[in-house]
Amino acid sequence: MRTVPLGTTDIQAPNVVAGMMRIAGDSDEQIRALYTAAREAGIDYFDNADLYGFDHPGGGPHLCERRFAEALRLSPSERDQIVLQTKTSIVDKPWYYDQSYEHIVSSVEESLRALGTDYIDVLLLHRPDALVEPEEVARAFDHLEQTGKVRAFGVSNHTPRQIDLLRTAVTQPIVANQVQLSITHSTIIAQGLSSNMAGQEDSITRDGGGVVDYARINRITLQAWSPFQKGFQDGVFLGSPDYPELNAMLESLAEKYGVTPSAIAVAWITRHPASIQVVLGTTTPQRVTDAAAGSDIPLSRAEWYGLVQAAGHNVP
């Protein structure tokens, strides 16, 4: 599996990440099988969040973190072999965002207990908090770093200006920004192709101004969540009758490279020179194996742009 630099750290991370968002209802055996498939595919980076599991019957915050730890019971040496990433700042009942010092610190302390570990490798602020006070975030990050509870920090779903605002007070490097990206939901890339083209849907800037270019300039690793989603929470494009041309091309390229269409969908993202990590959300071991095969497939420029066009985006 190909690796990419994690922000400005010395960590070389796999460009495919195993997401643990949906394991709340899985048995220990199922979680172990998912973990084993990921490790065998070369994935040693696992993404979680304090929120994950909140919507499971009888569940609540930190449930998926707890199930991950309970099922795997990693030894200290095994724990040191992987990267554990989690997120904070979303409160579910009632739904709101909280990036205060008290919430960030208390959430991390509960994540440490749930995950059964002394430290978190990477902590992300899950979504922007409109009421954020950068000094509060900075105080929390400083405390967590100085006490050894968190080793690196990042954000999720943040615009360039929102990151700049945090950086007015936060001194730690922002190493990652986790954003939604798939071939069909690729406005952060497609908008650059159609810039200043009146009447083109893709010319509309929705990310606050060049999140991909900003990440490359500032050495922030982008992490792509929902890499197979059509749009925002409306199903996958793989096999969808809504995208016949795209699926035909995915099938053709899958045959050429001896992989599955999901691997080609991953390869479309990992081909980008921004060195993007793909966050898989599946709980099916075989799907992890299939998708991870796209880690280092060298799509040509013609193939990459062909997929952009087949997904319905403008390539002027």
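Derivation of every value follows stated rules applied to the coordinates shown; laboratory data play no part. The structure presented is a predicted model; accordingly, all values stated were derived computationally and were not measured. No Cβ is skipped: glycine too gets one built from the backbone with ideal geometry, and neighbour counts run over all protein chains shown.
Net charge around N177, counting only other residues with Cβ within less than 14 Å of its Cβ (Lys, Arg = +1; Asp, Glu = -1)? Spelling it out: positives minus negatives among the neighbours equals +2.
With neighbours defined as other Cβ atoms within 10 Å of a residue's Cβ, the residues T3, T184, T283, T171 order from fewest to most as T171, T3, T283, T184. Separation of segment 209-286 from segment 65-131 is 26 Å, based on Cα centroids.
Just to confirm a number: summing +1 for Lys and Arg and -1 for Asp and Glu over residues other than I31 whose beta-carbon lies under 9 angstrom from that of I31, what do you get? Value of the local net charge: -2.
The charge dipole of segment 161-267, taken about its Cα centre with unit charges on the Cβ of Lys, Arg, Asp and Glu (plus for the first two, minus for the last two), comes to roughly 500 debye. Just the Kirkwood number for segment 112-229, please: inverse of mean 1/r across all distinct Cα pairs, in Å, one decimal. One over the average 1/r among Cα pairs gives 15.5 Å for segment 112-229.
Normalised by residue number, the volume inside the convex hull of the Cα atoms of segment 169-316 is 131 Å³ per residue. Applied to segment 288-301, the Karplus parametrisation 6.51 cos²θ - 1.76 cosθ + 1.60 on θ = phi - 60° returns per-residue 3J(HN,Hα) values of 5, 4, 5, 5, 4, 5, x, 3, 10, 6, x, 4, 6, 4 Hz, with x for Gly and Pro. About the centre of its Cα atoms, segment 89-213 shows a dipole size close to 180 debye [charges on the beta carbon of Lys, Arg (+1) and Asp, Glu (-1) only; nearest 20 debye]. Neighbour counts of other Cβ atoms within 10 Å put S75, S156 in the fewest-to-most order S75, S156. Annotation: amide H of V278 within the under-5 Å range of V16, V17, A224, sequence separation 5 or more or interchain, hydrogens built in the peptide plane. Relative contact order of the chain, taken over Cα pairs closer than 8 Å and 6 or more residues apart, is 19 percent. Its Cα gyration tensor gives the chain an equivalent ellipsoid. The semi-axes, each the square root of 5 times an eigenvalue, are 31, 24, 17 Å from largest down. The residues neighbouring E251, those whose beta-carbon lies less than 14 Å from its own, together hold a net charge of -3 under the Lys/Arg +1, Asp/Glu -1 convention.
Excluding residues on the same chain fewer than 8 positions from K256, give the aspartates and glutamates whose Cα lies under 17 Å from its Cα. Those aspartates and glutamates meeting the cut-off are E245, D290, D296, E303. Database remark: amide H of L124 closer than 5 angstrom to the amide H of T86, K87, T88, G154 (H placed geometrically; neighbours at sequence offset of 5 or more, or on other chains; Pro and chain starts carry no H). Charges were assigned to the Cβ only: +1 to each Lys and Arg, -1 to each Asp and Glu. The resulting dipole of the chain about its Cα centre is roughly 440 debye.
Considering only beta bridges that DSSP places wholly inside the chain, some 20 percent are antiparallel. Report the percentage of all Cα-Cα pairs in segment 52-121 whose separation exceeds 13 Å, rounded to a whole percent. In whole percent, the long-distance tail amounts to 67.
Evaluating 6.51 cos²θ - 1.76 cosθ + 1.60 at θ = phi - 60° for every residue in segment 102-114, the Karplus couplings come out as 4, 5, 4, 5, 5, 5, 5, 4, 6, 4, 4, 5, 5 Hz, glycine and proline recorded as x.
Peptides 54-61, 172-179, 263-270, 91-98 ranked from most to least packed give 263-270, 172-179, 54-61, 91-98, packing being the mean of other C-beta atoms within 10 angstrom over each peptide's residues.
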